[in-house]
Every structure is written in structure tokens, then in C-alpha cells.
Amino acid sequence: GAGVSQSPRYKVAKRGQDVALRCDPISGHVSLFWYQQALGQGPEFLTYFQNEAQLDKSGLPSDRFFAERPEGSVSTLKIQRTQQEDSAVYLCASSPTRGTEAFFGQGTRLTVV
Amino acid sequence: EDQVTQSPEALRLQEGESSSLNCSYTVSGLRGLFWYRQDPGKGPEFLFTLYSAGEEKEKERLKATLTKKESFLHITAPKPEDSATYLCAVHGDSWGKLQFGAGTQVVVTP
């Protein structure tokens, strides 16, 4: 596709529910990133993939957060047993190679009620 | 740990009133400094990459410069459509991790 595509755009989850957020990167992009953005703040790094390998997951806030990219293309960010503090916009980005500019999707706004 | 501080937090400009945004950074081994624009409800949109002190990049009314400790985004004769939040981010020793600042919210009034 022309850009990074994320789905769903909006997700409302009841506290304790599991959610899965999808990211379709730009075709051919090797690097893929997940970020979390709270209102009025800059994006905070969650995790990074180089092809299918998850090279850095130091930003994942707890073991309830899990990300995968099994075939080196589409990625899924899963949050188990959601809590209110998980409410945020989740951004996915991809870049052609490591260290070059990253292109972001529109984000998924998650609201936990 | 890499740190990025942006100032001011918010900036209100009259159309045509030029100004500059600041991005101060501390990083162990700068591999790149990035500027993004973010409109409400959208993801960040890439503007510039700067790699070394003294480098400058321009795009329409925007010009980004880089020193060893900070970067500036100059907005010349802004228009209302330049209203957005401008984010600065750095790539340090950890290749995969872009460290973002909190952003500067710019409002340009006619």
C-alpha cells in the first residue's frame, strides 16, 4: 500500500479484556516500530523489529504487552487483561532500513473503560 | 539514557510572523535527528533528517539546523496551514529506538 495502515482506528475495551492491534507496514520496509502516545506527549518507544526478529522490546511496559511479526511484514501488538492506564494512541511505523526515517500510520486509539 | 527537550511547549504566531522552535538533546552517539509534524488525530509526518553538526535542510517555509547539542526548526512567514505539533526525535546508540521530545504545538492565526 501507499502508507502504513493500522487497524482498527478506534478500539474500546472493557477492563480485563484482551485486544489485538494490527499494523501493515509499507511494502518492502525491513524495520517496524511500535510506539505509545499519551495525550499531549511525544510517542514513547515500545518495541522494534528487523524483519521477523524482535530486536528491542525494552519499552513494553509489562508482560501483558506482546508483539509479533511472524513473516516479516504485518505486525500485531497484543495487550492482555487491559487496564485503564493502557488507554492511549498506539502508533506503528516502518522504515526501509535501520537508521533511516520512519513513516508512521494513523494510529489506533485505545480506550479502556 | 537519551533525552530530548523541546521548547517552547506552545507557540502562537500571526500569519507571516517568523519564529524558531528548539530541540535540545543528550545522546550517546547521535546517528540522526528527525523532525516530524503531527496534526490532531493523525500519525507523525516525516519532515527532515539531520546527521551531523552544521547540516541544514529546507522544505517550503521550514528550515532545520543542527549543532552538537541542539536543533532548530525555523518557520519563515508561516501560514495557518502550518499549525500543528512539531516533534523532534533522536536515534542514539540503540538503532531501533527513536527518542521523541514532547513536541511544540504551533498555532498560526490569519
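The values are calculated or read from the model by the stated rules, or taken from the named source; none is laboratory data. Because the structure is predicted, anything quoted here is derived from the model rather than measured. Backbone-built Cβ (ideal geometry, glycine too); neighbour counts: all protein chains shown. SASA here: full protein model, heavy atoms, side chains in, ligands and nucleic acids out. Shrake-Rupley method; radii C 1.70, N 1.55, O 1.52, S 1.80 Å.
Points worth noting:
- Residue list for the range A:1-48, restricted to those being in contact with a Lys or Arg (Cβ under 8 Å, 6 or more places away or on another chain) and among the β-branched types (Val, Ile, Thr): A:Val19, A:Val30, A:Thr47
- A single entry from A:Asp63, A:Asp56 fulfils the requirement of being over 12 Å from A:Leu21 (Cα atoms) and at pLDDT below 95: A:Asp56.
- Some residue of the range A:12-34 being buried (at least 17 other Cβ atoms within 10 Å of the Cβ), in contact with a Leu (Cβ under 9 Å, 6 or more places away or on another chain) and free of Cβ contacts under 8 Å to residues at least 60 places away in the same chain: yes
- Selected residue (criterion: farthest from A:Pro43 (Cα to Cα)) from residues of the range B:29-82 that are charged (D, E, K, R) and open to solvent by less than 50 Å² (accessible area, probe 1.4 Å): B:Glu55
- Residue in the range A:77-90 that is touching a Cys at 6+ places or on another chain (Cβ under 7 Å), modelled with pLDDT of 95 or more and in a loop (DSSP other than H, G, I, E, B) present: no
- If you go through the range A:39-56 and pick out every residue that is part of a loop (DSSP other than H, G, I, E, B), open to solvent by 30 Å² or more (accessible area, probe 1.4 Å) and at the interface with chain B (Cβ under 10 Å from one of its Cβ atoms), you end up with 2.
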